[in-house]
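*Asks:* Please find one structure pasted underneath; my questions will follow.
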Amino acid sequence: MEDSRDVLENRTLKRLFLFIYLVPVFGVVPALWTLSRRDSDRKQREVSRVATLIGLAWLIGTLLLTSGVAITSGENAQSMGISQLLFNSLFTSSYFLSNLWLMVRVWRRQSLDLPGLKRITKYLP
């Protein structure tokens, strides 16, 4: 009987985990789990850092935009609320597209260097 450690050492399975980390919204949880474990390999930690960072940035941005729509009141409330909702949808769409683009880069075995994020991701565990 094969040890469960040997199954997790499979390269295909490790690569599948990289794709799971980059699933929008839901992939942040396994990415955080990988960052909390110290025995994961370098590539898994790199992808987990990027997925966690852009996931948290999306969450904070969405919360701020949604709260801005709720606070808006007055004579221009409807037009301002619509423009904020439009910006929120563009923000969310760009988050999903960036995760898809990162999945393509993982599939092609390219680096995940995003401009400006390399300096920030090094502070994550």
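The values are calculated or read from the model by the stated rules, or taken from the named source; none is laboratory data. Please read all numbers here as calculations on a predicted model, not as lab measurements. Please note: Cβ atoms are built from the backbone with ideal geometry, for glycine as well, and neighbour counts cover all protein chains shown.
*Asks:* For region 93-112, state whether one or more residues are within 15 Å of the chain's Cα centre (by Cα), modelled with pLDDT of 90 or more and either part of a loop (DSSP other than H, G, I, E, B) or charged (D, E, K, R) (or both).
*Replies:* Within region 93-112, one or more residues are within 15 Å of the chain's Cα centre (by Cα), modelled with pLDDT of 90 or more and either part of a loop (DSSP other than H, G, I, E, B) or charged (D, E, K, R) (or both).
*Asks:* Identify all residues within region 19-37 that are assigned to a loop (DSSP other than H, G, I, E, B) and in contact (Cβ under 8 Å) with a residue 60 or more places away in the chain; write none if there are none.
*Replies:* Those that are assigned to a loop (DSSP other than H, G, I, E, B) and in contact (Cβ under 8 Å) with a residue 60 or more places away in the chain: LEU22, VAL23, PRO24, GLY27.
*Asks:* Go through (1) over 18 Å from the mean Cα position of the chain (by Cα); (2) modelled with pLDDT of 85 or more; (3) of a type in the set (A, V, I, L, M, F, W, C) for ALA70 and report which single condition fails.
*Replies:* For ALA70, the exception is condition (2).
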